[in-house]
Number of protein chains: 2
Amino acid sequence: MSQKPTGDAPAVTTDWELKRQHILRCAAEVFLRRGYERGTTKEVAQLAGLSQPSIYHYVGSKADLLSALAEHAGRVLSDGLDEAIASTDEPVDRLKAIIRNFIMGQIENIGAWTLYWEEHHSIPAATALTMNTSKARFVHRIDDVVKQCQQCGALPDDTPSGILTEIMLGAIANIYRWYRNDGRYPDEQIVTGAYSLFGLTKVGTSDE
Amino acid sequence: MSQKPTGDAPAVTTDWELKRQHILRCAAEVFLRRGYERGTTKEVAQLAGLSQPSIYHYVGSKADLLSALAEHAGRVLSDGLDEAIASTDEPVDRLKAIIRNFIMGQIENIGAWTLYWEEHHSIPAATALTMNTSKARFVHRIDDVVKQCQQCGALPDDTPSGILTEIMLGAIANIYRWYRNDGRYPDEQIVTGAYSLFGLTKVGTSDE
DNA sequence: CCTACCGATCGGTAGG
DNA sequence: CCTACCGATCGGTAGG
């Protein structure tokens, strides 16, 4: 078990916590390069400048590393959704804010995001369960906005909202697979490209 | 090494070949349920009704199983692309045919397709290399059609074709993650939903 | 935070 | 196509 140090320390970033996060970053790098199963705790330790057993002072098991990383990715996305929904009342603008935040949050955190998808069958069952319910809630909240966009004519209403939602979210969730940090496709252009493709350019003050 | 039986047998399906394909199907099931690394050759053998070492009469290594499955998924998709391109000269109809074949090919072969994505960092380097070049060619050919659709006004031309192509293909490549075989979303509705969302409903005989 | 080490798993081979 | 088995890897613990 990880040996969280004594006391009821508040949100203070202790030395222990800082080192733990350093190890997490190293684990992300190893798992990304080699995959979770092939990547060893020894490699993580080496990258962090520790012996392999020392990792267990900061983490209860190898699987904990992956859980922590996946949960972090989920938290970033979920926070972005809250912010987007709070930013405006107008459905189309809201959907556009959701798309923007989703894309940006993914790109800023592309490592954890990639791990969440590529290694999700190695995520411990307990973590996977809570993350799946979070994800279902996430999709459902967005689906509500999509329905409103259909009502005001900004999205086609000849298709169930669920299909549109999944296609749009799928397109965005997949960006990590082709995104390159070389400036070929600037982030902003990806966002506005998604708006254009989904027909979300004009404001949705329905006049049809 | 796998012991392909004697002779210069043509495309005849020998007993050996039939059993090999049976083992491949079992491997797909095991790898899907457990992941490639966690799934063992023993589990594959049990499911196929063999002892673990017997698998090596049909396959050179555990990794060969994954290679064969991934290559099969790639071939199905590539064939679908050829067919779609051959089906018509008109860019918008061509893009729609591509989307339809991509979606249908993926759904018909959802197991191999899932493995290709979820386990692609376990695919042997040699196989991965050739598949990556095939994939690049695949994307490039579709990008040409997308460019034509932009020129005739069927797709927005304020965004580089590459972004549109990647977003559309990403949306489709991701369907396996939410597709359920319970009829909630009929295949045909997914296809037409994609058309609608991407604004491909009207024929592209440009009159703008 | 380290050295030493254990226990278990698993892919693949030998040899028939 | 099987039994027997090897070699190597690796997560985690002991004990300091």
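Key figures for this structure:
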read-out: Bins of 10 Å, starting at 0 and running to the largest distance - Cα pair percent for the protein assembly as shown; value: 4, 19, 28, 25, 16, 7, 1, 0
read-out: B:Y36, B:Y58, B:Y176 arranged by Cβ crowding within 10 Å, fewest neighbours leading; value: B:Y176, B:Y58, B:Y36
read-out: Inter-part distance where the stretch A:47-75 and the stretch A:165-182 are each reduced to a Cα centre, Å; value: 27 Å
read-out: Computed [θ] at 222 nm, deg cm²/dmol, the protein assembly as shown (DSSP H ≥ 4; -39,500 (n - 2.57); rounded to nearest 500); value: -21000 deg cm²/dmol
read-out: Globularity ratio of the stretch A:81-148, using Cα Rg and 2.2 N^0.38 Å; value: 1.25
read-out: Stokes-Einstein diffusion coefficient of the stretch A:97-208, Kirkwood radius over Cα pairs, 10 °C, 1.306 mPa s, in µm²/s; value: 102 µm²/s
read-out: Selected from A:L77, A:L69, A:L50 as most flexible by GNM, with chain A as the system and alpha-carbon contacts under 10 Å; value: A:L50
read-out: Per-residue mean of C-beta atoms belonging to partner chains within 10 Å, peptide A:173-184; value: 3
read-out: Most mobile of B:D157, B:D182, B:D89 in a GNM of chain B (Cα contacts under 10 Å); value: B:D182
read-out: Ranked A:E90, A:E118, criterion: other C-beta atoms within 10 Å, fewest first; value: A:E90, A:E118
read-out: Value in Å of the Kirkwood radius, where chain B supplies the Cα pairs that are averaged; value: 19.0 Å
read-out: Cβ neighbours within 10 Å from other chains - mean over B:77-88; value: 0
read-out: For the protein assembly as shown, with +1 on Lys and Arg beta carbons and -1 on Asp and Glu, the positive-most of B:W16, B:Q189, B:H120 along the dipole; value: B:W16
read-out: Net length gained if the chain between B:T13 and B:H140 were fully extended (0.36 nm per residue, minus Cα distance); value: 42.2 nm
read-out: DSSP-assigned coil residues among trypsin sites (Lys or Arg not before Pro) in the stretch A:145-189, each with at most 10 further Cβ atoms within 10 Å; value: A:R180
read-out: Estimated Rh, the stretch A:15-60: Kirkwood, alpha-carbon pairs, angstrom; value: 10.3 Å
read-out: Subset of B:K96/B:K135; A:K96/B:K135; A:K19/A:K42; A:K96/A:K135 violating a 23 Å alpha-carbon distance limit; value: A:K96/B:K135
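Computed from the coordinates by the stated procedures, all read-outs in this text should not be read as laboratory data. Keep in mind that what you see is a predicted model, and the values were worked out from it rather than measured. Ideal geometry is used to build each Cβ from the backbone, glycine not excepted, and the neighbour counts take in all protein chains shown.
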